Amino acid sequence: MEPRDLTAAAKSAPTSAPSPVSTVRAFDDQTRINPRLLRRFQPLEALAPEADPVLSARVDLGRALFYETKLSKQGDLSCNSCHELASYGVDHRRTSIGHAHQQGRRNAPTVYNASGFFAQFWDGRAPNVEVQAKAPITNPIEMAMTSPALVVATLKADATYAAAFRAAFPGQADAVSLDNVGNAIGAFERGLITPGRWDDFLRGNESALTDQEKQGLKLFLDSGCMVCHTGRFLGGSMFERVGVVEPWPNQADHGRGEVTRVAADDMMFKVPSLRNVEKTAPYFHDGSVETLETAVQMMGRHQLGIDLADDEVSAISAWLKALTGPLPTAYIARRGGTATTATPEPQRPAPSATTSAGESPRCGTSPLPDCPLQAFMKANAREALNTSRLDRLEEVLRRTASLGPTEYKDWGDIARAGAEAAADGKLEAVRATCKSCHDLYRAAYRRDHRGDPVR
């Protein structure tokens, strides 16, 4: 079965850099948009539910595998560790932490809308999400599984997964394979798309954007940003050199040139999508910029030779924030062929009687004996507490701070306080934090999901 096609992103060849100017010129009408320029973009459509039962089974399997920590050597990492679906597909780190606390080299890009890009990874070394999904599993500094054979053996040892692979890939003599792991995760990722107000505007609803956002759009178009950030995804359709006009500050990573060994590809990187850019800091391949406004200023200076004024940066940033679309929570939480609007929760292909140590920290209307976040903490924090691993506790609590449902408003503050206590070497304060989190979450979970048993 061929992967679903979101519609190929529009492609455009880069043009020569403009001559530097001091600032963008003032416009007579700062909100009037040339409709010809808008033709460079197309609205994004949410995918319809899968009608094909085989595709549905494949998506469900991919959803489970996306959260599965068994795919990592130490059983502590999943795709979601670096591409957190509840946080717009990123981990908000400059570079991600992988196996044995190794620091990754590049910023983890979002997986939302990624299936529509012309290539994957910053250097474009994978052609699609199916191929990309396999690579981190056996990368020694990411999930670090030592071989495809070990991945296969691990999954085959789980009868639930073995059955799920047979359902997702019928007719294959040996359905459990690393290729099919990628195919299943890719099938799931093809539904991770986020249309929003920008798409309403493109369909003709001018009131979908505010005047300031329209002003920012006009500046974006007339300044030349659209040359690279174009098409359905406002990026993801070409490579471009960072530092076209002014050299990029970080010259350690040579991007596409390291893949092709061609001089013309030196410092070339895939142009990132601007969809949901407000939610995906820090920015650029090196994760070197924390704020959207600084990123806009740097793009003007390094790519276009333009010194944008503060009000211009504010207007462009306002428009960029209008590119945020709501997360498809029903899609990423769905299980058993039904949908729920609960906070995303990973599910095995069929619910088992007990929760595995690898269940992800997502709470919802789960029939599992443990609340999913309890299962996560048991798998990741309990051993660290018993062995006084303060570095591990700090990492777990910082990650956990963003995982609690938003309606439990005290959750993040408690977890962050625990992380700070771990950083300061205060083990007993960390223990107290964990108990506070447990008590708050357990009571709220029992109250809000009364039909679900909680231990």
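The values are calculated or read from the model by the stated rules, or taken from the named source; none is laboratory data. Because the structure is predicted, anything quoted here is derived from the model rather than measured. Cβ coordinates were reconstructed from backbone atoms using ideal geometry, including for glycine residues, and neighbour counts include every protein chain displayed.
Listed by first and then second residue, the pairs with beta-carbon distance under 7 Å, at least 6 apart or on different chains, first residue in the range 46-74 and in contact (Cβ under 8 Å) with a residue 60 or more places away in the chain and within 12 Å of Gly186 (Cα to Cα), second acidic (Asp, Glu) and part of a loop (DSSP other than H, G, I, E, B), are Val59/Glu50.
Between Asn180, Asn139, which is crowded, with 23+ Cβ neighbours inside 10 Å and of a type in the set (S, T, N, Q)?
Details: Asn139 fails: crowded, with 23+ Cβ neighbours inside 10 Å.
Within the list Asn180, Asn139, the selection yields Asn180.
Only one of the numbered conditions (1) buried (at least 19 other Cβ atoms within 10 Å of the Cβ); (2) under 19 Å from the mean Cα position of the chain (by Cα) is not met by Ala164, and that is (2). Which of the residues that make up the range 303-324 are of a type in the set (Val, Ile, Thr) and in a helix (DSSP H, G or I)? Result: Val313, Ile316. Scanning the range 249-266 for residues that are buried (at least 19 other Cβ atoms within 10 Å of the Cβ), within 25 Å of the chain's Cα centre (by Cα) and not basic (Lys, Arg) returns a single hit, Gly255.
Among the residues of the range 157-172, are any among the aromatic types (Phe, Trp, Tyr), under 22 Å from Arg275 (Cβ atoms) and at pLDDT 95 or above?
No, that holds for no residue.
On the stretch given as the range 98-108, residues that are touching a Ser or Thr at 6+ places or on another chain (Cβ under 8 Å) and either surrounded by fewer than 24 Cβ atoms within 10 Å (Cβ to Cβ) or within 13 Å of Pro136 (Cα to Cα) (or both) total 6.
Being aliphatic (A, V, I, L, M) and either surrounded by 21 or more Cβ atoms within 10 Å (Cβ to Cβ) or farther than 15 Å from Glu45 by Cα (or both) is the filter here, so list the residues in the range 184-217 that pass it. If the condition is that a residue be aliphatic (A, V, I, L, M) and either surrounded by 21 or more Cβ atoms within 10 Å (Cβ to Cβ) or farther than 15 Å from Glu45 by Cα (or both), then Ala184, Ile185, Ala187, Leu192, Ile193, Ala208, Leu209, Leu217 are the ones that fit. Within the range 98-111, the residues that satisfy the criterion of being closer than 23 Å to Ala64 by Cβ and either in contact with a helix residue (DSSP H, G or I) (Cβ under 9 Å, 6 or more places away or on another chain) or not assigned by TED's automatic domain parsing to the domain that holds Thr69 (or both) are Gly98, Ala108, Thr110, Val111. Do the conditions hold for Ile332, that is, is it more than 25 Å from Ser81 (Cα to Cα) and at pLDDT below 95? No, not satisfied. Looking across the range 164-185, the residues that are over 15 Å from Glu68 (Cβ atoms) and among the small types (Gly, Ala, Ser) come down to Ala167, Gly171, Ala173, Ala175, Ser177. Taken over the range 48-72, the criterion of being assigned to a loop (DSSP other than H, G, I, E, B) and touching a Pro at 6+ places or on another chain (Cβ under 8 Å) is satisfied by Tyr67, Glu68. Inside the range 58-97, residues that are β-branched (Val, Ile, Thr) and either buried (at least 24 other Cβ atoms within 10 Å of the Cβ) or out of contact with any helix residue (DSSP H, G or I) (no Cβ under 8 Å at 6 or more places or on another chain) (or both) make up a count of 2. Inspect all residues belonging to the range 73-83 and state whether any of them is modelled with pLDDT of 95 or more, under 30 Å from Leu209 (Cα atoms) and either outside any loop (DSSP other than H, G, I, E, B) or assigned by TED's automatic domain parsing to the domain that holds Thr138 (or both). For the range 73-83, residues modelled with pLDDT of 95 or more, under 30 Å from Leu209 (Cα atoms) and either outside any loop (DSSP other than H, G, I, E, B) or assigned by TED's automatic domain parsing to the domain that holds Thr138 (or both): present. Looking across the range 191-231, the residues that are outside any helix (DSSP H, G or I), small (Gly, Ala, Ser) and in contact (Cβ under 8 Å) with a residue 40 or more places away in the chain come down to Gly191, Gly196, Gly224, Gly231.
Of the residues in the range 116-132, none is in contact with a Cys (Cβ under 9 Å, 6 or more places away or on another chain), modelled with pLDDT of 95 or more, crowded, with 22+ Cβ neighbours inside 10 Å and not aromatic (Phe, Trp, Tyr).
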